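Below: one structure, written as structure tokens.
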Amino acid sequence: MKYVRLVKINLLVLCALLLILAIIMYFMEVHRIQTFFSFTSEKQSEYFIPDDTAMFLHKPNIHLYDDWGTPQQKMSTERRTNNLGFRDDNDVADKTPNEFRVLVTGDSHTDGVLRYNTQSFVNIWEKKLNATDTTTYYNCMNGGVGYYTFRNYHGFLKKFSHLKPDVFLINVFTGNDFRETVKFEDDRTSISNIYKSWSMRFRRKFQSAEQQAFPYIQGIEQLLFYESFPEEKERSMVIAKEYLLQIIELCKQKNIRLIVTLLPSKLEVKPIFREHIQTLFDLDAKTTNNNLEMTQLLKKFLQEQQVEHYDLFPILQNTSEKLFWDVDLHINPKAHELIGDFLYEKIHFPN
């Protein structure tokens, strides 16, 4: 009897210790998430500012230089924003009578990991439009911001609808925009979300050195997240659709033409690379196709809502040239050039 009581006491103490550990881990993760969304860390604060409508924006009028890359692929970038924090060299002024405005948003791929702002697909598109039409001034404004997802796209349009854009283009990065929908909601510190966040971080800790060297959030993390939590696919899509419906309604109210482009990750574009990653992470076919599955669901929704949309997969697939930076898997200047050319050829505006 004495032995049984001792075992019960030990089990009770163990349960209490585990509970305390779980509470500590919960608040550690809450702190980490809240710190990120305050945008006050040294790395964030030099480039981002919090915003009540879009959650966060680029700082206006900055001029930063970065040197990064690998010994085989070194790169310098000039991060320059205008008076509104857009990745454009020219400031935004009052709209002129002959001006046709295209407001573009997206995540870091649209923001541009580039040497100069002029290399972005937004600026390439603008240059081509103005070269062939001398009566209209086309002003394509690059409002891409790193980390953005569907909630931000809606907030960004609300924030800048006063600019009276004729077109609002959202460049959805299908490699992580779906996963990030749930991360950016107000319930991000719920017990369920914290558990999922810890699970993914714990899984990351036990990856090999080669796996950890891979740019995790540019495609692979979304695959693995939906492998671990397949029910989150539906939740992600529901949230994405809710924001898109609000964007559609706002565009109707403001008489803005809505266009959505779908930008795939390197995992989808390059079969050889996909096979390498599939082997490296020991993925089955279902997991490897998670990003494509979510893309198809979004395309179906856009078709149902009669939203003009374009899948960029074909134009990026049909080239043997490098389209992604090796070091972080963001699209490179060649990809921006292809996208800019595609938009110019595919999308037509009234004269």
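The values are calculated or read from the model by the stated rules, or taken from the named source; none is laboratory data. This structure is a prediction, so every number in the text was calculated from the model and none was measured. FYI the Cβ positions are ideal-geometry reconstructions off the backbone, even for glycines, and counts take in every protein chain you see.
Tabulated results
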{"read-out": "Residue among T40, T35 that is part of a loop (DSSP other than H, G, I, E, B) and of a type outside the set (K, R)", "value": "T40"}
{"read-out": "Criterion: in contact with a strand residue (DSSP E or B) (Cβ under 8 Å, 6 or more places away or on another chain), outside any loop (DSSP other than H, G, I, E, B), assigned by TED's automatic domain parsing to the domain that holds E337 and without any contact (Cβ under 8 Å) to a residue 24 or more places away in the chain - qualifying residue of N123, N152, N139, N130", "value": "N130"}
{"read-out": "Residue within region 139-154 that is crowded, with 24+ Cβ neighbours inside 10 Å, farther than 20 Å from K241 by Cβ and β-branched (V, I, T) present", "value": "yes"}
{"read-out": "Residue in region 45-60 that is touching an Asp or Glu at 6+ places or on another chain (Cβ under 6 Å) and modelled with pLDDT of 80 or more present", "value": "yes"}
{"read-out": "Flag for L223 being in the same structural domain as S199 (by TED's automatic domain parsing), surrounded by 21 or more Cβ atoms within 10 Å (Cβ to Cβ) and in contact with a Ser or Thr (Cβ under 6 Å, 6 or more places away or on another chain)", "value": "yes"}
{"read-out": "Filter pass, K299 being under 25 Å from G340 (Cβ atoms), of a type in the set (D, E, K, R) and at pLDDT 95 or above", "value": "yes"}
{"read-out": "Search result, residues across region 313-338 that are of a type in the set (A, V, I, L, M, F, W, C), under 17 Å from the mean Cα position of the chain (by Cα) and buried (at least 21 other Cβ atoms within 10 Å of the Cβ)", "value": "F324, W325, L329, I331, A335"}
{"read-out": "Subset of region 120-131 (residues that are surrounded by fewer than 20 Cβ atoms within 10 Å (Cβ to Cβ) and either in contact with a helix residue (DSSP H, G or I) (Cβ under 6 Å, 6 or more places away or on another chain) or modelled with pLDDT under 90 (or both))", "value": "K128"}
{"read-out": "Near pairs, Cβ below 9 angstrom, 6+ apart or cross-chain, from region 306-328 (under 12 Å from K266 (Cα atoms) and without any contact (Cβ under 8 Å) to a residue 24 or more places away in the chain) to any residue that is part of a helix (DSSP H, G or I) and of a type outside the set (D, E)", "value": "K322/K334; K322/A335"}
{"read-out": "Breaking point among (1) under 23 Å from Y226 (Cβ atoms); (2) surrounded by 16 or more Cβ atoms within 10 Å (Cβ to Cβ), for Y310", "value": "(1)"}
{"read-out": "In region 109-120, the residues that are within 27 Å of I247 (Cα to Cα) and assigned to a loop (DSSP other than H, G, I, E, B)", "value": "G112, V113, S120"}
{"read-out": "Residue count for region 102-118, restricted to those that are surrounded by fewer than 19 Cβ atoms within 10 Å (Cβ to Cβ) and at pLDDT 90 or above", "value": "1"}
{"read-out": "Answer residue from region 179-194, given it is surrounded by fewer than 18 Cβ atoms within 10 Å (Cβ to Cβ) and assigned to a helix (DSSP H, G or I) and is nearest to the chain's Cα centre (by Cα) among those", "value": "S192"}
